[in-house]
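Reviewing the structure listed below.
Each reported figure results from applying straightforward, stated rules to the coordinates on display, with no laboratory input. None of the values given here were measured: they were computed from a predicted structure. Positions of Cβ are backbone-derived with ideal geometry, glycine not excepted, and every protein chain shown enters the neighbour counts.
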Amino acid sequence: MKEFFLVCPIGLESLVAREIELKYPCLLQSGQIKIAQAHPGGLEVHAETSIGLGLNITLKTPSKILMRVKEQKCRDYPKLFNIIKKINWKEIFLQTNITFVCHTSESRIIHTGRAESTCTEALNAYFEANKIKEKQLVKSKDYPAQRVYIRIHQDTLTISLDTSGDLMHIRGDRSYRGHASIRENIASLLLLKLLADHKSDTNLIDPMCGTGTFLFEALNFERPSKRKFLCHYFKQNEMQFDNALTENIMPNKLFGRDIDSEVIKKNKSLESTIDFQVENILEEDAEKTISGKNIVIINPPYGKRVKITGDKIEFFKKLIKAIQLKYKPIDIGMIIPRDFASKIKADQRIPFNQNGIKVEFLIISTKL
Ligand SMILES: C[S@@+](CC[C@H](N)C(=O)[O-])C[C@H]1O[C@@H](n2cnc3c(N)ncnc32)[C@H](O)[C@@H]1O
């Protein structure tokens with residue numbers, strides 16, 4: 001079994017574990033996947049290589065997946081050179097354009113720049129002695145550069161391969177994003193939290209949907225990713241992902257509303273199975289409600305990138321009232337900047353960082 005590290009926002013690690021539990025019940029039971037440990041900012045998972053690489057295709061909540069190659073003591077640059085030179089890179093990669101990303105802490109190796117150049121020199125020395133065939137080099141000329149993560153903490157060196165490449169929130173099939181759009185993996189993490197106790201016989205409504213990230217994530221949650229990851233270019237690039245769950249765990253019906261007619265027009269042109277309509281949620285006489293078991297998820301303007309006029313606390317309170325009046329939801333999940341969040345009553349609070357802004361995801365339940 002190999003060790004994989006699934007990177008995610010600090011504080012949301014247990015939700016990545018939840019996604020694995022939902023999607024891989026059989027492999028967890030048979031021990032083919034093991035959730036080993038949560039660390040701040042990531043989850044350690046053990047699996048065979050092909051299953052671990054396949055997590056890139058099935059999981060929506062991590063931002064990157066690393067695969068550990070080696071861990072050993074290393075106290076100086078010559079030792080680092082020798083360790084890197086001894087790794088059989090030809091068994092891993094079919095290309096020589098490889099970059100090193102180093103992080104050092106509480107270690108005698110303190111200069112990350114020097115550590116990176118030491119690794120590059122060692123790699124060049126390795127390929128000098130172990131040439132990749134010319135024919136293969138021509139083939140791999142246009143491959144994206146591979147990335148190797150070097151972490152040196154208290155003189156322990158950990159070498160990991162970046163199996164993902166571009167951050168995983170870049171889904172590849174939806175290039176259309178607004179300037180205040182939420183990252184796709186964060187949208188999926190929050191959906192998992194909000195929907196934890198619900199079945200799929202619900203309506204998911206986003207009354208300020210913008211580009212519709214929450215709704216597109218809900219729609220695509222069970223669908224395998226179609227984009228390329230760095231591990232597609234590994235020598236051993238088999239990815240098993242058909243063992244993941246296909247059962248629908250997201251709400252059946254998806255509704256997006258926004259005051260901006262252009263954004264709604266664009267959303268409609270992209271997806272006909274989501275009900276998109278132009279609407280101002282703060283209009284008091286807004287009567288067009290949606291019947292059924294409603295769950296609302298909303299990422300309102302914070303006043304930073306999208307302006308809010310008047311008192312911000314009052315704005316958020318008015319918004320919650322309008323949602324309750326109109327949709328009578330079982331639960332509301334709302335992202336609010338941390339400065340204001342404490343002034344709003346909520347049943348659960350999940351703090352995280354949203355594009356550099358400290359926010360909380362509040363869950364407000366209606367006790368029926
Ligand atoms: C922070 S953005 C939402 C971004 C969205 N979650 C996404 O990923 O693209 C806030 C959205 O609220 C919309 N909005 C602002 N006031 C509104 C109102 N009164 N009723 C409905 N939508 C409104 C804006 O047009 C904007 O698209």
### Query
Taking θ as phi - 60°, what are the ³J(HN,Hα) couplings along segment 92-105 by the Karplus curve (6.51, -1.76, 1.60), each to the nearest whole Hz, with x for Gly and Pro?
9, 10, 10, 8, 10, 7, 10, 10, 10, 10, 9, 10, 10, 8
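Given the chain, what whole percent of its Cα pairs are spread farther than 27 Å?
On the way: 36312 of 67528 pairs.
In whole percent, the share of Cα-Cα pairs in the chain beyond 27 Å is 54.
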### Message
How large is the Kirkwood hydrodynamic radius of segment 66-124, counting all unique pairs of alpha carbons, in Å?
### Response
12.2
### Query
Dipole of segment 11-166 (Lys/Arg Cβ +1, Asp/Glu Cβ -1, origin at the Cα centre): which of 11, 37, 97 lies farthest to the positive side?
97
### Task
Could I have the simple spin-label model distance between residue 237 and residue 277, label points 7 Å from Cα toward Cβ, reported in nm to one decimal?
4.7
### Summary
The answer for residue 2, listing residues at least 5 apart or on another chain whose modeled amide H is closer than 5 Å to its amide H, is 47, 48, 49
### Task
Report the residues of segment 224-253 in range of a label on residue 28: point 7 Å along Cα→C-beta, backbone N strictly under 12 Å from it.
245
### Query
For residue 64, which sequence-distant residues (separation of 5 or more, or a different chain) have an amide H within less than 5 Å of its own amide H, given hydrogens modelled in the peptide plane?
7, 168
## Note on the structure
Amide H proximity to residue 354 below 5 Å, modelled H, separation 5+ or other chain, gives 359
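Multiply the residue gap between residue 124 and residue 111 by 0.36 nm, knock off their C-alpha separation, and tell me the result in nm, one decimal place. Write down the numbers at each step before the final one.
Numbers: separation 13, 0.36 × 13 = 4.68 nm, distance 2.01 nm.
Using 0.36 nm per residue and subtracting the Cα-Cα distance, I get 2.7 nm.
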### Summary
In whole Hz, the Karplus estimates of ³J(HN,Hα) for segment 126-131 (6.51, -1.76, 1.60; θ = phi - 60°; x where Gly or Pro) are 4, 6, 4, 8, 10, 5
### Message
Restricting the calculation to Cα positions, tell me the Rg (one decimal) and the Dmax (whole number) of segment 159-266 in Å.
### Response
15.9, 49
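So how strong a dipole does segment 2-162 carry about its Cα centre when Lys and Arg Cβ are +1 and Asp and Glu Cβ are -1, to the nearest 20 debye? Kindly include the intermediate steps, with their values, before the conclusion.
On the way: 23 positive and 17 negative charges, 84 e Å.
Rounded to the nearest 20 debye, it is 400 debye.
Given Cβ point charges of +1 (Lys, Arg) and -1 (Asp, Glu) and nothing else, what value in debye, to the nearest 20, does the dipole of the chain about its Cα centre take? Before the final figure, lay out the partial values.
Numbers: 56 positive and 44 negative charges, 152 e Å.
Computed about the Cα centre, the dipole is about 740 debye.
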## Note on the structure
Expected vector for segment 38-44, Karplus 3J(HN,Hα) from phi with 6.51, -1.76, 1.60 and θ = phi - 60°, integer Hz, x for Gly and Pro, equals 9, 10, x, x, x, 10, 8
